[in-house]
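Report on the structure given below.
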Amino acid sequence: MGNTGHGETFLFWVGSIISILGALGLIFSKKIVHAALCLCTVMLCLAFFYMAQGAVFLGVVQIVVYTGAVMMLFLFVLMLIGIESQDSLVETIRGQRWLAVPFVLAFGFVLIGVYAHANLPEFVGTDAANAKGGGNVQSLALLLFSRYFWAFEVSSAVLITSATGAMVLTHRERTVPRKSQREISIERFERWGKGEKVSLTGLPNPGVYAQHNAVDTPALLPDGSPSEASVNATLRGRDTVRGFRPLPLPGARRNGAAVASRGDAGNEEVSQ
Amino acid sequence: MANMDHWVINGFDTHIPWWFLLTVIKGVALFAMLVVLTLFNIWFERRVVSWMQMRIGPNRVGPQGLLQSLADGVKLALKEDIVPENADKPVFWLAPVLSAIPAFLAFAVIPWGPEVSIFGHRTTLQLVDLPIGVLYILAVSSVGIYGIVLAGWSSGSTYPLLGGIRSSAQMISYEIAMGLSFAGVFLYAGTMSTSGIVAAQEQTWYILPLCISGIIYIIAMVGETNRAPFDLPEAEGELVGGFHTEYTSLKFALFFLAEYINLVTVSSLAITMFFGGWRAPWPLSLWSGANQGWYPMIWFLVKLLIFVFVFIWLRGTLPRLRYDQFMKLGWKVLIPVSLVWLLLVAVIRQLKNVGDMDQAHLIPICLGAAALFVLVLVALEVRERNQVSRDRRSRDAAELAREEDLEGLGGGFPVPPMPGQQRAAITPRPLRTPILAVTANGHTPAEEASDGRQ
């Protein structure tokens, strides 16, 4: 390999070590997100190799499409289906592990055999190809839109078909048309006008205090009593609402003072 | 003459080539400038927002409070570093780094000025000039999203996870509109290199011929940087702090740094693509010296500050969008509009390239196309509104029919009840072979007769 530069050789050795470590990590990591990240590392290294060999456009597209879009969607799905999802290490097919050993050995022999008999041509590089169109992007465009035009268009048609198919499969007709914000608001006022118990302004926020700031902590009304509407009905139903003794108003008779002065007064349950 | 290429101190040849030295100097200067700009922008934002809200804002540390962000930075660095127990530690550690490094990297291809002389050597004020500079920025920013998404995932808590998912969806959707708006510029400039695009804007800035691309880019860049009114991933009213809720100390500072550097990067990209890059604005450009030497850096910085001001202005005035409205804007408005616009741009470019096209023909064609475009938009809007009113009418009719149809036998067949409809009680026929039914699927005859309904 006489015509690789020093920089390229250096990049190759650094990049190949990182990408092999990434590939090993992909296989051996137990958490699926770690595996996805290792795959990203491998892809980034691949992009660097493309760039080092003069295929700048390909390198950048590799990052944008594979790392930026495809792996991101993968991660998106992984995050949606479960934060804690770990791969089960139980064999689903009996004897799978033992069967893997001869197959791996056979594959290794095939690889070695092919590599030993391969008749690799002289190393050409991308300079001549890039110079043909006056730059990497231009020469790639010339090829894509002349010689490989048909393949390019067909692959885009396949992609569009699959996207449309996914949309058709996941599409669901609504049984009732969606109500707009305006209609919901009008409806709410109508119900309120009929005398129903509806909150027009939205429900009050939960309470924010020095020691407690969470959805299970009720806000206090001006008279010091906890506001029932400020806590979710589910929490009220489970009876897990963090309670406050009604605070005495200034000037009122201090009958609750002994409880309120205790440090953990806030932890008592409300009995409503 | 080897000494011309190497750095020579007092006659001693260090064998360090000048191009290497200049690159190092430019890189360090760029890094320092970005960090200082971040400190400045935080102060600028706080002061401008206070001014808009008729407050005073930080005014204690340093003149006019200018050193406030420095003091805050020191404070942030000295805070306790908390790692949640549920966190995935390596990823939790990696995420802020992944978010900050691409933010710095993206800036490398932005041209700050034309050729200048540093230590007697001619060089352009740009760290690297890649032939695919703009795509490089897209690539690097797509790596930067990983920082946010992984931060959300690795925190091991719900709000950050929701923030991370939101931000990945948001950035993927807005990157499409962004890429399409770039495509118009590529068609006009005939190149993807940032310096080439600036050079192609010598006569007119692209914001004039490509105004729609420019507007779409400006909207998309606000979405891309997670800034108000598109700051859904860190919506404090809904998600506490979003993806960085669990982060403290320097890790949080890195996210902060990345956000402000991204702000500068997308603004610089907008300037480079649509606002003439480092070129002087019109009245100044009449002076021939305005686009030479170090002056262009001033124009660039002024444009940059104007953009930052606009970002702050948006934050000070606009309420946050709801998530579905935000997605609707991205997918149903920005992407279709930019697709149609791109088609128009391509047609105009092709007509120009063919050569038998002069201004006298081009202007009426452009006007006609623009009129057609507006007409199509209006027609679509009218159709949408008709659809909505038709829906409402049919909904009213359906509701009326449902209210009258008390038995739930729509059209003679028993159908599942619609919301708000009571199904008439149907007395089930007793099963002929109750025992068999039980043995067949393990249900009692009463359960079987109730048809699964309780």
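The values are calculated or read from the model by the stated rules, or taken from the named source; none is laboratory data. Quick caveat, the model's predicted, so the values are computed rather than measured. Using ideal geometry, Cβ is built from the backbone for each residue, glycine included, and neighbour counts are taken over all protein chains shown. The protein model used for the area step is the full one, side chains on, heavy atoms only, and it has no ligands, DNA or RNA in it. Shrake-Rupley method; radii C 1.70, N 1.55, O 1.52, S 1.80 Å.
Once you reduce the range A:3-75 and the range B:246-293 to the center of their Cα atoms, the two points are 30 Å from each other. In the protein assembly as shown, the inverse of the mean reciprocal separation of distinct Cα atoms equals 31.6 Å; this is its Kirkwood hydrodynamic radius. A Cα-only calculation for the range A:1-157 places Rg and Dmax at 20.0, 58 Å. Largest to smallest in accessible area, the residues A:Tyr115, B:Tyr174 fall in the order A:Tyr115, B:Tyr174 (1.4 Å probe, all protein chains included).
Using the Kirkwood radius built from alpha carbon pairs, what does the Stokes-Einstein equation give as D for the range A:130-170 at 25 °C and 0.890 mPa s, in µm² per second? It diffuses with D of about 209 µm²/s by this estimate.
Decide, for the range A:8-85, between rounded, prolate and oblate: order the square roots of the alpha carbon gyration tensor eigenvalues as a ≥ b ≥ c, take rounded if a/c falls under 1.5, and otherwise choose prolate if a/b is larger than b/c, else oblate. Because a/c hits 1.5 or more and a/b fails to exceed b/c, the range A:8-85 counts as oblate.
Reported to the nearest whole Å, the Cα centre-to-centre distance from the range A:219-244 to the range B:145-186 is 37.
The largest-to-smallest principal axis extents of the Cα set in the range B:133-236 are 53, 24, 16 Å.
Considering all different alpha carbon pairs of the range B:20-122, the Kirkwood hydrodynamic radius works out to 17.2 Å.
Ranked by the mean number of other Cβ atoms within 10 Å per residue, highest first, peptides B:266-273, B:39-46, A:129-136 order as B:266-273, B:39-46, A:129-136.
The Kirkwood radius of the range A:78-205, taken over pairs of alpha-carbon atoms, gives through the Stokes-Einstein law at 4 °C and 1.567 mPa s a diffusion coefficient of 54 µm² s⁻¹.
Note on A:Lys30: lysines with a C-alpha under 18 Å away, same-chain residues under 8 apart excluded, are B:Lys89. Hey, how many Å between the Cα centroid of the range A:104-140 and the Cα centroid of the range B:299-341? What the calculation gives is 45 Å, centre to centre. With the alpha-carbon atoms of chain B aligned to their principal axes, the span from lowest to highest coordinate is 112, 68, 50 Å, starting with the largest. For the range B:85-131, the set of chymotrypsin sites (Phe, Trp or Tyr not before Pro) satisfying both a DSSP loop assignment and a count of at most 13 other C-beta atoms within 10 Å is given as B:Phe119. Within 10 Å of the Cβ of each residue in B:164-174, the mean number of Cβ atoms contributed by other protein chains is 2. Shape call for the range A:199-246 from the C-alpha gyration tensor, a ≥ b ≥ c root eigenvalues: rounded (a/c under 1.5), prolate (a/b greater than b/c) or oblate? Since a/c stays below 1.5, the shape of the range A:199-246 is classed as rounded. Relative to the longest principal axis of the Cα atoms of chain B, the long axis of helix B:335-354 makes an angle of roughly 50 degrees. Within the range A:177-212, the GluC sites (Glu not before Pro) that combine a DSSP coil assignment with at most 12 other C-beta atoms in a 10 angstrom radius are A:Glu196. For chain B, build the charge dipole from Cβ charges (+1 Lys, Arg; -1 Asp, Glu) around the Cα centre, then report which of B:Leu22, B:Phe119, B:Ile165 sits farthest towards its positive end. About the Cα centre, the residue reaching furthest to the positive side is B:Phe119.
Applying both filters, DSSP loop and at most 16 other Cβ atoms within 10 Å, to the chymotrypsin sites (Phe, Trp or Tyr not before Pro) of the range B:287-345 gives B:Trp287, B:Trp294.
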